[in-house]
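Below you'll find the structure, written out as structure tokens, and then a few comments.
The values are calculated or read from the model by the stated rules, or taken from the named source; none is laboratory data. Values in this document were obtained by computation on a predicted structure and should not be read as measured data. Here the Cβ positions follow ideal geometry from the backbone for every residue, glycine too, while neighbour counts run over all protein chains shown.
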Amino acid sequence: MSSQSLIQIVEFLDETLLTSTTPDYPTALNGLQLSNSGSVTKVASAVDFSSQVIKATVAERANLLIVHHGMFWAGVQPVVGAQYARLRDLLNADIAVYASHLPLDRHPQLGNNTLLARTLGLEPTGEFARFKDIFVGVQGISEIATSTLVERARLFSQSHGGDAITTPGIDRDRKTGRWAICTGAGASAETLAEAAQQKIDTLIVGEGPHWTAVEAMERGIIIIYVGHYASETLGVDALAAEVGRHFDLEWTRISAPTGL
């Protein structure tokens, strides 16, 4: 079994993802969140940091866990109860944790948005979903029946323990001409306004509040909600695979669907 330096892998990840220069929410805390003794022999990928994911990582004998939603997503909490148990299990198994949120969402090759587009048979040609001075999502032009796109989204979501849902208004004659994708909690006042301004007719997201469906109908936009979890499975897997390829390491996918 080959072994590689944790420091070198972290440097590679930080450089690949532009971690230090990408703005994000404070609790994302992108980058290395927990170190280990210094070497990596196997990499695991998961969307969320959780007890279930840690146990599966231990069972897989991986000692670097790459996640999208990291250890501090819920904010500062005392290290007691479940928080203590998770940290104890990580330290006992010598597992390092690396988290990447918006840097991974927006990556042009390994990112959730680009990969979801291509999984659905769409090719990105532009940026979408502005956050501070960056764009998180992607957009493009197509000539696809919206019902076909919905079916592709539904099959993708179901393969990750969820099910895609859509706003009303899709008939067999409707075409998707201009689409945009923002994974995760992608339906918001900002993305709907941006979609309307750019004449997007179909918006594909992970999830969004109930009112976004009402607002989308008012604006003549169809929203396809593929599920928060499902929409963010692709990036962490691609990132772990890239680490495996670059450093000649085995990697494994940890599946822990939330159904949401």
- request: Test L203 against the criterion of being at negative phi, out of contact with any His (no Cβ under 6 Å at 6 or more places or on another chain), modelled with pLDDT of 95 or more and not in a helix (DSSP H, G or I), and give yes or no.
  value: yes
- request: Output the qualifying pairs, or none if there are none: Cβ atoms under 6 angstrom, residues six or more apart or on different chains, first residue in the stretch 37-59 and over 13 Å from R86 (Cβ atoms) and among the polar types (S, T, N, Q), second residue in a strand (DSSP E or B) and modelled with pLDDT of 95 or more.
  value: S45/I66; S45/R253
field: Checking L90 against (1) surrounded by 19 or more Cβ atoms within 10 Å (Cβ to Cβ); (2) closer than 24 Å to H228 by Cα; (3) free of Cβ contacts under 8 Å to residues at least 60 places away in the same chain; (4) of a type outside the set (V, I, T), the condition it does not meet
entry: (2)
Leading residue by the ranking (modelled with the highest pLDDT) among those in the stretch 158-170 that are surrounded by fewer than 14 Cβ atoms within 10 Å (Cβ to Cβ) and among the small types (G, A, S): S159
- request: Only residues that are surrounded by fewer than 18 Cβ atoms within 10 Å (Cβ to Cβ) and among the β-branched types (V, I, T): list them for the stretch 1-36, please.
  value: I7, T21, T27
field: Every residue from the stretch 171-214 that is of a type in the set (A, V, I, L, M, F, W, C), buried (at least 19 other Cβ atoms within 10 Å of the Cβ) and closer than 24 Å to V236 by Cα
entry: W179, A180, I181, C182, A187, L203, I204, V205
field: Of residues in the stretch 140-153 being part of a helix (DSSP H, G or I) and free of Cβ contacts under 8 Å to residues at least 60 places away in the same chain, the one farthest from P108 (Cα to Cα)
entry: S147
- request: May I ask you to verify whether T252 is among the hydroxyl-bearing types (S, T, Y) and over 18 Å from E127 (Cα atoms)?
  value: yes
Matching option when the condition is outside any loop (DSSP other than H, G, I, E, B), out of contact with any strand residue (DSSP E or B) (no Cβ under 9 Å at 6 or more places or on another chain) and farther than 20 Å from L260 by Cα, among A180, A196: A196
- request: Would you confirm whether any residue within the stretch 230-242 is assigned to a loop (DSSP other than H, G, I, E, B), at positive phi and either basic (K, R) or at pLDDT 95 or above (or both)?
  value: no
- prompt: If you take the residues in the stretch 105-136 that are assigned to a helix (DSSP H, G or I) and hydroxyl-bearing (S, T, Y), which one is farthest from A240 (Cα to Cα)?
  reply: T119
message: Looking at (1) without any contact (Cβ under 8 Å) to a residue 40 or more places away in the chain; (2) buried (at least 21 other Cβ atoms within 10 Å of the Cβ); (3) farther than 22 Å from G121 by Cα, which one does A240 not meet, given that it meets all the others?
response: (1)
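Residue-by-condition table, conditions (1) within 21 Å of S231 (Cα to Cα); (2) not assigned by TED's automatic domain parsing to the domain that holds R245:
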{"residue": "T41", "(1), (2)": "no, no"}
{"residue": "F49", "(1), (2)": "yes, no"}
{"residue": "T57", "(1), (2)": "no, no"}
{"residue": "G70", "(1), (2)": "yes, no"}
{"residue": "A85", "(1), (2)": "no, no"}
{"residue": "T125", "(1), (2)": "yes, yes"}
message: Can you find, within the stretch 93-129, the residue that is farthest from E143 (Cα to Cα) among those that are free of Cβ contacts under 8 Å to residues at least 60 places away in the same chain and crowded, with 17+ Cβ neighbours inside 10 Å?
response: A93
